1. If residue B:584 passes every condition in (1) over 30 Å from residue B:645 (Cβ atoms); (2) within 28 Å of the chain's Cα centre (by Cα); (3) among the aliphatic types (A, V, I, L, M) but one, which one does it miss?
2. Output the residue which, of all residues in the stretch B:240-262 that are more than 17 Å from residue B:198 (Cβ to Cβ) and not hydroxyl-bearing (Ser, Thr, Tyr), is surrounded by the fewest Cβ atoms within 10 Å (Cβ to Cβ).
3. Within 14 Å of chain A (Cβ to nearest Cβ), more than 28 Å from residue B:613 (Cα to Cα) and among the aromatic types (Phe, Trp, Tyr): does that describe residue B:373?
4. Only residues that are touching a residue at least 12 places away in the same chain (Cβ under 8 Å), among the acidic types (Asp, Glu) and more than 30 Å from residue A:151 (Cβ to Cβ): list them for the stretch A:63-106, please.
5. Of the conditions (1) among the charged types (D, E, K, R); (2) in contact with a Gly (Cβ under 8 Å, 6 or more places away or on another chain); (3) farther than 23 Å from residue B:573 by Cβ, residue B:634 fails just one. Which one is it?
6. For the stretch B:392-409, give me each residue that is within 13 Å of another protein chain (Cβ to nearest Cβ) and buried (at least 17 other Cβ atoms within 10 Å of the Cβ).
7. Filter the stretch B:373-422 down to residues that are hydroxyl-bearing (Ser, Thr, Tyr) and more than 22 Å from the chain's Cα centre (by Cα) and give me whichever is nearest to residue B:306 (Cα to Cα).
8. Only one of these conditions is not met by residue B:300: (1) assigned to a strand (DSSP E or B); (2) within 14 Å of another protein chain (Cβ to nearest Cβ). Which number is it?
Amino acid sequence: MRKTGIKLLTMALISVFLLNGCKKHGHGLLAEEITTLEITFTPVEDSPVKLGTLPDPTVFIYRVIPGSDPEREITGPNIFRDLNYTYSIRFLDETNAPEDIIDLTEDIEAEGAEHLVCFEEIGSSTIVVSNQNEDINEKTLGTTGNIIFDEAGARTLKVLLKHEPNKNAANPCNTGSTDIEASFDFDVVIPI
Amino acid sequence: MYIIKTILVIAIWLSVKTVMAQEPCNFIIEGYVIDEHDNQPLTNANIIVAETGYGCVSDAKGYYRIEGICEGINTLICSHVGCESITVVLNVKENVTFDFLLEHHAHLLEAISITARKINTRASASMNLINRQEIERNVLSDFSEFLSTVPGVKTLRSGSNISKPILHGMSGNRIKLIYNEISIEDQQWGAEHAPSVLLSNSEEIQVIKGAGTVKYGSDAIAGAIVASPLPIPKGEKFSTKIYTLAETVNALASLGFNMKSSFKKNESMGWNLGGDFASNGDTHTPRYFQNNTGARRYNYHFSWGQRKSNLNYRLDYQHLYRETGILKFAHIGNVSDFVRAIESDTPIIQYPYQYRIDAPRQQVHHHIVSGTFNYILKNDINLKATAAYQSNHRREYDIRRGGRSALPSLQMHLQTNLIDLEMVDFKKDKFKTNAGIQFQQQYNYNNPRTLVKPLIPDFRTYQTGLFVVEEILMDKVNFELGVRYDYMKQNILFYERVGGKDTTYSDNNSYHNFSYNAGVYWKLREHFYIKFNTGTAFRNPHVSELYSDGLHHGAAIYEKGNADLGTEKSLNNSLELAVEYPKVRFKINTYHHHFFNYIFKSLEGVIPTIRGTFPIFGYRESKATIMGSDVDLEIFPHKYVSLQHSADYVLGWIGKSKNNLPEIPPASLSHSIAFRYPIEGKKIKEFHTSLKVETFFKVQNTLNIVRADSLISLSNDEIQQLINQSGFLDFTAPPPTYTLLNWESGFKLDTKSGRMEFLAGIKNLTNKTYRNYLNRFRYFTDDAGINFYIKTVFHIFNH
């Protein structure tokens, strides 16, 4: 019995170092990640102000590629006071741009029940948001909607994408965790 | 301050005086001295009471009888020619019958417990010992929380379910955890990684405070916690123990068992089998539930082995599983969410009680397979060999987009192999030599299926250590001298995506380290001893400290390693003074650690991401000092009553700047009174009740408080300037002083089929609302409220 014990122990001692053999592996691709928020403001005819010809859409872009500094771009004409805009938001993965740009907007809209778009104006509150799209539970999602800027002047608008907010809360934008936080400085001008 | 000290000294002196004056010394201790191996009586064994020096010699039947024993603590030393002496500490309240089981070499073989007790009394390091009786009452409790009952041991928490021990104000990679002679390797670098130690299979736990010995090598800067497993049963019949525990604060239910037996055909051979499981839901604080703090766990172990007079071996296997929910309030997206969370007194959203565990959560499997082997050569040299394989598989699940919450966002598999060879030479009376060689190989693998960049890279390490400890044992003085050499090689494999392409590259580090320690135990007077220990200790930087790079979503911080870190080295001094009278025991341990380069994490900048801005916690090294004191006073004013008081205080600062170190425990005070009433000749054997009052003070040496949202408006240079001017940063002021009351009562019951022990108690009796500075989730939530619990231990004999 004693010999058996010693044998067993010796075997255990040897096998312990053999058990942990080498494993070769390489890491696969990373999951797509949102790097870019793009919000397009398109003027509509039915507005408190009437313009002869409607201006072109204005596009705000906020992009953070991991390892680089954040970039903000505003293209198109100025935002006009009291003009009714429709807005639509796109979420992109531009890690491998320009070869490979992945549009994640559809994914996020498909799982809309766990997302919410929030607008915050820093220092003032002069925007009116309406007509936002909804998730499958008929709760606000907000990737599209209407927006009017009430006052002219320098503005800072913050656009947030919330993950797992409590849409039944009094202020759903104060709940959940933040997946995107993008702020833009721009001017609202009076149409002539 | 001086006046308080003086009053304290006088008070202690007076109580010692009064207690000594009342002492009745008319008890008797008697029994037999028997050879454990063949049950033959041992003649001419010496039995001495250390406190009085009285003693006697066993007669032809092995019988001994000592009269005039004083009430209280008596230390009996039994020795016999050719046997190492056994020391037993008895708390005498009545006449005692005690049989000594001696065996030639027995002490060397099995009784880590006996050797430990020897070390406990005569080693130069400060030590506390927890015996099986105490462990058994807490078998189903959390390991770190149970250890914190030892004076000077604190707990670092990440919510209610994850905790790890703190010694001398340090934790994690600065405490060595040894279980069954094996260094536990379970990703201990992470604050939210709880240690994988099984209480149900622990016979005894030694808490060694401070780097008292070179034996444990790297990572034992703040001390070591050494747990020995249940011994292999020898000549024992089959018996079973069943443990239960129920708690109200989180609806915890837990059940455990231990079975053991020797083989009928070969009584020196035996086995142990045990296991337990526990399950709980959300923890209740006085005002709300901590959402998503449920936990599940199961453990089991099996041991088989043999204990003979000169040969002793065992094989062990154990598996620990834990699944733990992470507090929902602590899951935040960015600094704005964080500010909102910490500025609200109560969590912004509170959900009702839930038993289920959702993401974020973590899951850990830890397996240990080991073999230990002891052999005594004819010339009293004890050879020990240990080999072990450990597998630690950790999965962390975050709340993820795109239906990926079921996919772990971190999945690491850490495998460790180790072989220890050790020699203990007892052959000379006055010298004891302990030498050993240790090999360890480790491999960390990140599973790529997480689709997330790993927080720490893959790595392999190879370590070798050699040590010699020489002890000189004299009548009243022991000297101890140890030297050690270590070599370690790290091979790190990185993964990076540059310009849309996946690339891998590797890096190598190697470290050579020498360390030493020297200590003395000196029994100055009959009831008074001094221990002094000085030495160096070291710790190689962990891969997490060198190369971490990523977002810690749960904590809303970005962690960044520092590849320039060197080996952390320290010079440690510890002094212990102890007075031990039968009715009063007093111990003060003072320590000082000087670090040549203390590696720590601190807030050092901010990083913008698409989610918003995050604070960066980077690793840096700097000269540092940690010093403090633990005081422990026990008084036995009446044969049924005992009082215990303890206090501790730690300070830590950086080099010359005197900037306070982060995460240094607050000062604390604890008082308890216990009443233990033995009952003769009834089914109920003993009744006891105790009350404990613990006060945790507000941390005085605060860091520089800065609001997270004002921090992100600063540039990284401005943040660095702020640190240089006024010290390290924290987001909120430390929580205020609080006092907790705990009560426990119990009794023992003998029945025909076995013995039962019932315990019932209340933790946080006053349902106090408080936050614990050492809880990393103190920013988000209050701590647990009032908790009623019931514990039982059934010992079923087999007739």
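The values are calculated or read from the model by the stated rules, or taken from the named source; none is laboratory data. Everything quoted here is computed from the prediction, not taken from an experiment. No Cβ is skipped: glycine too gets one built from the backbone with ideal geometry, and neighbour counts run over all protein chains shown.
1. Residue B:584 satisfies every listed condition except (1).
2. Once the filter is applied, the top-ranked residue is B:253.
3. yes
4. Within the stretch A:63-106, A:93, A:94, A:103 meet the criteria.
5. Exception for residue B:634: condition (2).
6. B:392, B:398, B:399, B:400, B:401, B:404, B:405, B:407, B:408, B:409
7. We begin by selecting, within the stretch B:373-422, every residue hydroxyl-bearing (Ser, Thr, Tyr); these are B:375, B:386, B:389, B:391, B:397, B:405, B:409, B:416.
Remaining after also requiring more than 22 Å from the chain's Cα centre (by Cα): B:375, B:397, B:405, B:409.
Working: B:375: 12, B:397: 43, B:405: 48, B:409: 45 Å.
Ranking the qualifying residues of the stretch B:373-422, first place goes to B:375.
8. Going through the list (1) assigned to a strand (DSSP E or B); (2) within 14 Å of another protein chain (Cβ to nearest Cβ), residue B:300 breaks only (2).
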